[in-house]
Amino acid sequence: MHNPLPAIGKAAIDLTHFPTKQQAFIFRAYEYVPSEKIAKVLRTDVDTVRHAADEMGLPDYCPGDLWLKRGYITIIRRMWHILPYGQLSELMDMDEKTLARIMSEDDFLGIKLSDKPSCEKLVWRALNEEEKTRTRQIKKVMQSISISGKRPFEFDYDVPKLHFEGKERFATRMIYAFSGLYNNAFDVNSEEFLSDEQLKAYQALGINGIWTQGLLSQLSPFPFDPAVSAGYEKRLERLKAMTERLAKFGIKLYLYLNEPRSLPLPFFEKHPELLGHIKGEEGCLCTSVPQVRDYLKNAVESVCRAAPLIGGFFTITRSENLTNCYSHTGTRNEPCSCSRCKNASVAEVISETINCFLEGAQRVDRNIKVFAWSWRWDEFNEDIIPRLPKDVILLSQSELDIPFEIGGVNGNVLDYSMSIIGPGERARREWKIARDCGLEVGAKVQINTTWEASTVPAIPVSPSVEKHMQGLQQEDVKHLLLSWTLGGYPCNNIATAAKYFFEKCDGQPQNSALYEAEKQFVEAFKEFPFHIGVLYYGPQNAGPSTLLFEKPTGYKTSMICFAYDDLENWRAIYPLNTFEEQFSKLCEKWEVGLNMLDEKDDSEPSIMARAAYCLFKSSLNQIRFIRARDSGCFSDAVSAATDELLIAKKMLDLMNKNAAIGYEAANHYYYSKGQLIEKIVNCNYIIDVFNKKITESKNDAQ
């Protein structure tokens, strides 16, 4: 399978808070990989690297190989503006083919990163005197910083032991494992990324399903090119072992399928009879061709036979991935080019594809569940749903189609909302159509966190969670997909949702002070400037890890990855003043809730509440800094940078107390402790730069 690397774009950002690019590399890499690897990349020796780290005052992180196994996305992101592809591959101990596969299959990482900045090859050189002087300034800043406390990936799961009685109200209660591996979950044993402690926490909270991505060509023989499936037998063994391990905790495994995957056009030179719709350099495996349908059925069947304890599958048939011939087509603007499928309707092709998954599963066990997610069915949903096989469960995202007015701006929720509470009108309509057709229905919800504040794994707004669950119960929803890759953290929010899993739930003590504070957080959260553009491109996910830049970078914000200083795209539909005002209102009201909590309270909800505030206040600081910088108001820039320095220190302190902060399974650590430490160095540098500008302005005026 062909997976291209992102194209090389414009010159990388100049990291001016470091004297040299090589020091920026060492500063960042020292946290993640052993000194030997850093020395190899720089073509120098280990003693030189360690001496350079000591000159900057870097702590001894003792990284081992943990980050390379479980935090490789964090490393890639941190090196994106520093290393060219060749040196990045060398640092990661992987060839460019493997790197490209990660970019493609790790939840669209390549799209999130956007074009690769052009970077010159790094080779170690000695520092000059001016660089040594600046290096000593960095060390002075570092001497006041501590990384003591929780180590990366040292996750705690402090959840109540709930007792359930009576009939279950929601038969399926699946979630994405908080520490799951998206791309290569079956290339390693599940014990490497999913601890017994996490599984016990899920069991205690009434979770009975965990989902992960599944690629059929990696889990079963690919009949059209067997080489594509190399190693599938071992992956199937690990999948089977995982289902058996989960069963000990009363949990089933569900696979998320985007199938059949498109292939490079050269593949179809040998198999022209399989070619469907063409998009760019890729072609669809046409599901109107019997051999393709047989492949899907046989692949699902072989997975189910190899792992008979599997819970089932859910599928998105019109996703970002190019799959069936109508996965990206069917509208006037994007007509289908397939000679076979263009004579069929969107509903016929989609329902036929879903039926392949169901037939393959039911050849083995009729109790294996198949969910059809209506994501991006849009105007086709009323045609597709009645065509679905009766044993398929319709899955709709609950937050769809909720109108809102925030700061005088009107909009409509598309997905991923906790500040605006579902279920929405489109989900209600789809569920009614499905029930009228005799189908069971399920809801995809976010009850822990969303892209509104994704690096806080449990946003403490449990009253909103309770209201959402009540709405789902009223809609007679029977199945729950409780999170996308973000939102799987075992915590108080899930315990709140769990009160509705069965007829009766006991064992969750009510902290009245916390609940009152959370009601205030709910009110504050209503001020969040909601829009899908803000969620994907705004500053609130990276928060205080985003650097302050002395000059405009010229870089566009990238989806759920780099915010840069692209204020114009952050704000989406909101006027600039309104965007700033909404974050200001959000912070002011959130702070009222924080003041209702004991300052010495280091319980999980309190830590999460303070971390969420850091994300929102950092967003406000960055907005104010950019506006002040670009308008020449240097004193206001210093004020924003000074507050941002305090926020970065607060977030670092919170990470020392809870290792889950900053982590999201499909992006790994958005920011690590070292990244926040760099932000502290960056803020000090920026404050010095703009104070000098103020002095120069005064001198010029005189």
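The values are calculated or read from the model by the stated rules, or taken from the named source; none is laboratory data. Only a predicted model underlies this, so the values are computations on that prediction, with no experimental measurement involved. Glycine also receives a Cβ, built like all others from the backbone with ideal geometry; neighbour counts cover every protein chain displayed. SASA here: full protein model, heavy atoms, side chains in, ligands and nucleic acids out. Shrake-Rupley method; radii C 1.70, N 1.55, O 1.52, S 1.80 Å.
Of note:
- Share of carbon and sulfur in the accessible heavy-atom surface of the chain [1.4 Å probe, %]: 48
- Counting lysine pairs in region 251-377 that sit 8 or more residues apart in sequence, or on different chains, and whose Cα atoms lie under 30 Å apart gives 9.
- Positive-pole candidate from Asn577, Ile607, Val592, dipole of region 566-651, charges at beta carbon: Asn577
- Over 32 Å (Cα to Cα) - which of Lys21/Lys589; Lys478/Lys673; Lys649/Lys692; Lys234/Lys556; Lys240/Lys657 fall in this group: Lys21/Lys589; Lys478/Lys673; Lys234/Lys556; Lys240/Lys657
- Folded to 0 to 90 degrees: helix 425-436 orientation relative to the chain principal axis, Cα: 20
- Whole-Å distance, taken between Cα centres, linking region 621-691 and region 154-196: 33
- Total charge dipole magnitude, region 179-325, about the Cα centre, Cβ charges on Lys, Arg, Asp, Glu only, Debye to nearest 20: 400
- Under 5 Å between amide hydrogens, built in the peptide plane, is the criterion, and for Ile175 it picks out Gly209, Ile210, Trp211, Leu482 among residues at least 5 positions away or on other chains.
- Ranked from largest, the principal axis spans of the Cα set of the chain equal 81, 61, 50 Å.
- In a reduced charge model with +1 at each Lys and Arg Cβ and -1 at each Asp and Glu Cβ, the chain shows a dipole moment near 480 debye about its Cα centre.
- Normalised contact order of the chain, rounded percent, pairs of Cα under 8 Å and 6 or more residues apart: 14
- Each part reduced to its alpha carbon centroid, region 418-467 and region 526-577 end up 25 Å apart.
- Residues in region 587-598 carry Karplus couplings, in order, of 5, 4, 6, 5, 5, 4, x, 4, 5, 7, 9, 5 Hz; the curve used is 6.51 cos²θ - 1.76 cosθ + 1.60 with θ = phi - 60°, and Gly or Pro positions show x.
- The charge dipole of region 596-702, taken about its Cα centre with unit charges on the Cβ of Lys, Arg, Asp and Glu (plus for the first two, minus for the last two), comes to roughly 220 debye.
- Heavy-atom SASA rank of His668, His51, His531 (probe 1.4 Å, accessible area, largest first): His51, His531, His668
- Estimated at the nearest 10 Å², the accessible area of Glu523 is 90 Å² with a 1.4 Å probe.
- Farthest positive-ward along region 90-137 dipole, Cα basis, beta-carbon charges - from Val123, Ala100, Gln137: Gln137
- Rounded to whole Hz, the Karplus (6.51, -1.76, 1.60) HN-Hα couplings of region 28-38, x for glycine and proline: 7, 6, 4, 6, 10, 10, x, 4, 4, 5, 5
- Angle between the chain longest axis and helix 604-631 axis [Cα atoms, degrees, rounded to 10]: 60
- FRET efficiency, Glu588 to Phe404 (Cβ-Cβ, R0 22 Å, nearest 0.05): 0.65
- Acute angle (nearest 10 degrees) that the helix 96-105 long axis makes with the longest principal axis of the chain, alpha-carbon atoms: 60
- Per residue, the chain exposes an accessible area of 38 Å² to a 1.4 Å probe, with every protein chain left in place.
- Sequence-distant residues sharing a close amide H with Phe502 (under 5 Å, placed H): Arg169
- Annotation: Arg318 carries an accessible surface of approximately 20 Å², with a 1.4 Å probe and no ligand, DNA or RNA atoms counted.
- DSSP bridge pairs, the chain: antiparallel proportion in percent, nearest 5: 35
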